[in-house]
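Values quoted throughout were computed directly from the atomic coordinates according to the rules given, and no laboratory measurement underlies them. Everything numeric here is computed off the predicted structure, so don't read it as measured data. Glycine also receives a Cβ, built like all others from the backbone with ideal geometry; neighbour counts cover every protein chain displayed.
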Amino acid sequence: MSDFDKTIEEELPADVAAAPDPTPPEERGEEVTYKEMSPLRLVLRRFFRSRLSIVGLVMIVALFLFSFLGPVVYSRWGEETVDRPDGGAITELTNKYTHNDVSQLGDGVEVEEVIEHVSTDNLLAPPSARHLLGTDDKGMDVFVRLMYGGRISLIIGFIVVILETLIGVLLGGLAGYFGGWVDSVIMRIVDIFNCIPTLPILLIASATIESWELSPDQQIYVLMAFITLFSWSGTARLVRGQILSLREQEFMTATEVMGLSIWRRLFKHLIPNVMPQLIVSMTLGLGSVILYESTLSYLGLGVQLPKAAWGTMIATANDPVILQYHVNMWLPAGVLIVIAVLGFNFVGDGLRDAMDPKAKK
């Protein structure tokens, strides 16, 4: 080492002179005794360490396989296929009455009305090899309708959660970033939606929708729209609170110095930092939406016959005879609702703990 190099080393501060070599250890020929882990891998490692998270994930995967692959494998009966064992016991009811039409004939006209009546007792088949969970009062296979009902509940849950998240991110992001009168207006709208009595409004809307004579498929879209309309306010509050704290951080000051546009700052730098909380909120919200949809279907506000829905199947228990003697018609749907809600809640709790930066590694 030359005298000049020695002089430079003596003049450098101690912490700079002893700074580690930035060259990777493997390039210096040294043995690597540690392993770097990305944030995503760290989150997954924490998530799969939780037994409840794994149980919830298994429950959700099982429900998806049952609902979407089940009808493909068990294709003997369709969603609306009616099976009448032993011929169906169809009886004819004859009703005769006199119809007076003064404008036409002036005399009474005798009318004979014949009505076909199907015995319900013959349609309520018990569980057997032909129908694993029996048939309902319409003669439709309960096991198959559970599969199709799971499709509707899961699809409605995911679509509603995605839509309410998009609305909440947009309005909550604008309120949190701009503040001032923009924040005041959006938050007052949120307060109004939080104060609306949802169930009475839905009852009134249901009576109005029935007069529109919509098809069962159209009723599903209307149901998704109503649930989304009354569910986005919580997401907006969450996003607003997170952005209010993030916009004061140093990296946001750097984006302003760099001259980035407002929309780029908001959707490229702020919203991605809120995604961990949003993912947890969406996962927990899926169980709530499924429970909400089932409740509305049970009350007659959601998916109606001949479409299958878990809430509609539980509503058959309103008949005391079915409630007591035909448990196979309503109990399996209730069990599947419990499994779906618990599964999404377990996964949501696991993600919340895994994404917590204060959690133990």
message: Using the crude model of +1 on Lys and Arg Cβ and -1 on Asp and Glu Cβ, and no other charge, please compute the dipole size for segment 244-306 relative to its Cα centre, in debye to 20.
response: 160
task: Among Ile54, Ile186, rank each residue by its count of other Cβ atoms within 10 Å, from fewest to most, as a rough exposure measure.
output: Ile54, Ile186
field: Cut-off under 5 Å, modelled amide H: who pairs with Met140 long-range
entry: Asp83
query: Can you give the relative contact order of segment 295-361 as a percent, counting alpha carbon pairs under 8 Å and 6+ residues apart?
result: 20
task: Go through 164-175, 40-51 and give me the packing order, highest mean Cβ count within 10 Å leading.
output: 164-175, 40-51
Sequence-separation-based contact order of segment 169-322, relative, with Cα cut under 8 Å and 6+ spacing, percent: 29
field: Separation of alpha-carbon centers, segment 239-296 and segment 37-60, rounded to whole Å
entry: 22
message: Suppose R0 equals 25 Å. What FRET efficiency, 1/(1 + (r/R0)^6) with r the Cβ-Cβ distance, do Glu250 and Trp181 give to the nearest 0.05?
response: 0.40
